[in-house]
Amino acid sequence: HIFRHTTAMHLLQAGVALNIIQSWLGHVDVQTTNQYVEINMEMKRDALKSINSVTESKGLQTVIDNNRDVIGWLSSLKA
């Protein structure tokens, strides 16, 4: 189990798609693969950095303005 989990994590960190990891582990359902892969702190930092780069380069207001229809639709769901 530890070997499978460690290998799955190394593959995920190397950028291998989850469906490829699923196939390598021999899982029929990707939900089973989710038991072996979990995000680590480095991956969380990278995700936050990518969000910051979008908001810094375009400006958060620009992102919001470009997605008004989506934001409006999401707001209508809570009503």
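Laboratory data are not the source of any read-out in this text; all were calculated from the coordinates shown. These numbers were taken from a predicted model, which means no experiment stands behind them.
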Please report the relative contact order for the chain, taking Cα pairs under 8 Å with a sequence separation of at least 6, and give it as a percent rounded to a whole number.
21 percent
If you wrap a convex hull around the Cα atoms of segment 1-45, how much volume per residue is inside, in Å³?
67 Å³
Give the label of the value calculated from the structure for volume of the Cα convex hull per residue in Å³, choosing from [x] 100; [y] 147; [z] 90.
[y]
Structure-based [θ]222 nm, the chain - -39500 (n - 2.57) summed over DSSP H runs of at least 4, per residue, nearest 500:
-22000 deg cm²/dmol
Going by alpha carbons, how many degrees (0 to 90, nearest 10) lie between the helix axis of 2-13 and the longest principal axis of the chain?
40 degrees
